[in-house]
Amino acid sequence: MLALLLAAPMALAQEVHCTVPVMAPVMDWRGLGLGMRYPSSFAPVETTSDTVRFASRDGQGSAAVTAIPNGLRQGLAAVMAEARQDITGNSGGEITYSRTKGSWFVLSGFMAGRIFYRRSLVSTDGGFIGTLWVEFPRAMKPCFEAAVTTMSLSFRETGR
């Protein structure tokens, strides 16, 4: 019986194939005024004046870092309300986690069969809104949890 109980978790663990990510140093996109650490399992695939897009090497996950001008000088509550409306009203997503602290907020949940994670901040001077958006298949949660945590905790304003 013990052998059967030990074999069951091993069988479940084999269903999802994950590699432990090695973290790159903090990337600082001076043009965006934002910085973040990201795993070596992700690679930047496109950079524009306001966005850096990443794709996981296995093609399962994606991330984007954006900095948009805050022309209306929206406060954090207004930016968060707009984000909630976009996720739930416009995209049909479900928010399962929400947190606000200081100048940033996090929203995460499910959209189109995938897990999404959004962390946004209003810059110190109020001049721009920075956002980290990560998404991946629900089944790949064990593979992406550590990467999302590291990217989120290191996502910050760096100055322009």
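Over the stretch 36-123, the reciprocal of the mean inverse Cα-Cα separation, the Kirkwood hydrodynamic radius, stands at 14.3 Å.
What net charge do the residues around LEU121 carry, taking every other residue with its C-beta under 9 Å from that of LEU121, with Lys and Arg at +1 and Asp and Glu at -1?
Summing Lys and Arg as +1 and Asp and Glu as -1 gives +1.
If you build the convex hull over the alpha carbons only and average its shadow over all orientations, what do you get for the stretch 75-160? Give it in nm² to one decimal.
Details: hull surface 22.9 nm².
One quarter of the hull surface, i.e. the mean projection, equals 5.7 nm².
Each Lys or Arg adds one and each Asp or Glu takes one away; over the other residues whose Cβ falls under 14 Å from the Cβ of GLY102, this sums to +3. Taken over the stretch 39-85, the percentage of Cα pairs per 5 Å bin, counting from 0 up to the bin with the maximum distance, is 5, 18, 20, 16, 15, 15, 9, 2. With the whole protein complex present, MET111 retains an accessible surface near 40 Å², based on a 1.4 Å probe.
The values are calculated or read from the model by the stated rules, or taken from the named source; none is laboratory data. All values derive from a computational prediction rather than experimental measurement. Neighbour counts are summed over all protein chains in view; Cβ atoms, including those assigned to glycine, are modelled from backbone coordinates with ideal geometry. Just the protein is used for accessible areas: all its heavy atoms, side chains included, with ligands, DNA and RNA removed. Shrake-Rupley method; radii C 1.70, N 1.55, O 1.52, S 1.80 Å.
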